[in-house]
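Student: This is the structure I have questions about; it appears just below.
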Amino acid sequence: MPAIRILAAAFGAALQLAAAQSASAAETPLETAVAKGAHLFATATFGGNGRTCESCHEGGGKAPGQVGDRKLPSLLNAAAIYPRFSRGAGQVITLEGQVQSCIKGGLAGTPPELGSSDLVAITAYLGSIAKGQQVEIGGAPK
Ligand code: HEC
């Protein structure tokens with residue numbers, strides 16, 4: 001019966017559409033946070049000296065960076081190697097703590113609070129560029 005087959009095909013397509021919609025609804029907030037983090041990385045000065053993350057960490061953090069003559073490793077695996085001991089801070093710090101410290105130091109800005117949507121977004125962005133990197137707390141930057 002072709003009518004039944006057509007009906008079954010339409011029902012199948014509707015089910016697939018519903019599944020696709022619920023999958024994208026589940027992903028959207030995370031994708032939104034990652035996109036916001038990428039935007040902040042490139043543009044936010046946090047009320048400081050006009051620098052952004054991109055001023056020192058080039059290519060969205062995926063390329064090696066530079067401060068003056070000092071070369072910096074990329075941030076490609078940063079999200080995979082924290083927490084780590086910071087000699088500067090004299091203690092073990094999280095990725096969020098490192099980002100706050102760059103905002104205080106490098107940007108001379110006011111760091112967003114832990115749990116704030118800005119800090120979550122930057123952390124989500126750093127996590128997104130580290131996809132597939134080996135997780136190794138205390139490991140070396142790439
Ligand atoms: C003025 C230059 C400068 C700016 C601007 C800057 N950073 Fe950094 N960043 C550094 C330096 C230098 C280091 C190396 C660690 C240190 O000395 O604190 C570093 C280290 C890091 C690390 C750790 C890398 C690793 O693998 O250990 C992360 C993550 C990071 N920065 C994120 C950011 C983010 C996000 C921003 C923007 C909010 C930013 N930085 C802005 C200079 C900067």
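The values are calculated or read from the model by the stated rules, or taken from the named source; none is laboratory data. These numbers come from a predicted model, not from an experiment. Cβ coordinates were reconstructed from backbone atoms using ideal geometry, including for glycine residues, and neighbour counts include every protein chain displayed.
Student: How many of the residues in segment 116-125 are within 10 Å of the ligand (Cβ to nearest atom) and farther than 15 Å from Thr43 by Cα?
Tutor: So the count comes out to 1.
Student: Tell me the residue from Pro141, Pro111 that is touching a residue at least 24 places away in the same chain (Cβ under 8 Å), surrounded by 19 or more Cβ atoms within 10 Å (Cβ to Cβ) and not basic (Lys, Arg), please. First the steps, then the outcome.
Tutor: Details: Pro141 fails: surrounded by 19 or more Cβ atoms within 10 Å (Cβ to Cβ).
Criteria check complete, one pass: Pro111.
Student: If you don't mind, another one. Could you give me the residue pairs with C-beta distances under 9 Å whose first residue belongs to segment 83-105 and is within 14 Å of Phe41 (Cα to Cα) and part of a loop (DSSP other than H, G, I, E, B), whose second residue is small (Gly, Ala, Ser) and at pLDDT 95 or above wherever it lies, and which are 6+ apart or on separate chains?
Tutor: none
Student: Does Leu75 satisfy the condition of being near the ligand (Cβ under 8 Å from one of its atoms), part of a loop (DSSP other than H, G, I, E, B), crowded, with 17+ Cβ neighbours inside 10 Å and touching a residue at least 60 places away in the same chain (Cβ under 8 Å)? Show your work before the answer.
Tutor: Numbers: near the ligand (Cβ under 8 Å from one of its atoms): yes; part of a loop (DSSP other than H, G, I, E, B): yes; crowded, with 17+ Cβ neighbours inside 10 Å: yes; touching a residue at least 60 places away in the same chain (Cβ under 8 Å): yes.
Spelling it out, Leu75 is indeed near the ligand (Cβ under 8 Å from one of its atoms), part of a loop (DSSP other than H, G, I, E, B), crowded, with 17+ Cβ neighbours inside 10 Å and touching a residue at least 60 places away in the same chain (Cβ under 8 Å).
Residues are listed down the side, and each one gets a yes or a no for (1) in contact with a strand residue (DSSP E or B) (Cβ under 9 Å, 6 or more places away or on another chain); (2) among the hydroxyl-bearing types (Ser, Thr, Tyr):
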residue: Ser86; (1), (2): yes, yes
residue: Gly97; (1), (2): yes, no
residue: Ala108; (1), (2): no, no
residue: Gly115; (1), (2): no, no
residue: Leu119; (1), (2): no, no
residue: Ala130; (1), (2): no, no
residue: Glu136; (1), (2): no, no
residue: Gly139; (1), (2): yes, no
residue: Lys142; (1), (2): no, no
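Student: Same structure, new question: Give the residue that is farthest from Gln100 (Cα to Cα), with candidates limited to residues of segment 57-72 that are within 7 Å of the ligand (Cβ to nearest atom) and surrounded by fewer than 18 Cβ atoms within 10 Å (Cβ to Cβ).
Tutor: Here the answer is Arg70.
Student: I'd like to check something: does segment 107-115 contain any residue that is more than 10 Å from the ligand (Cβ to nearest atom), more than 18 Å from the chain's Cα centre (by Cα) and on the phi < 0 side of the Ramachandran plot?
Tutor: For segment 107-115, residues more than 10 Å from the ligand (Cβ to nearest atom), more than 18 Å from the chain's Cα centre (by Cα) and on the phi < 0 side of the Ramachandran plot: present.
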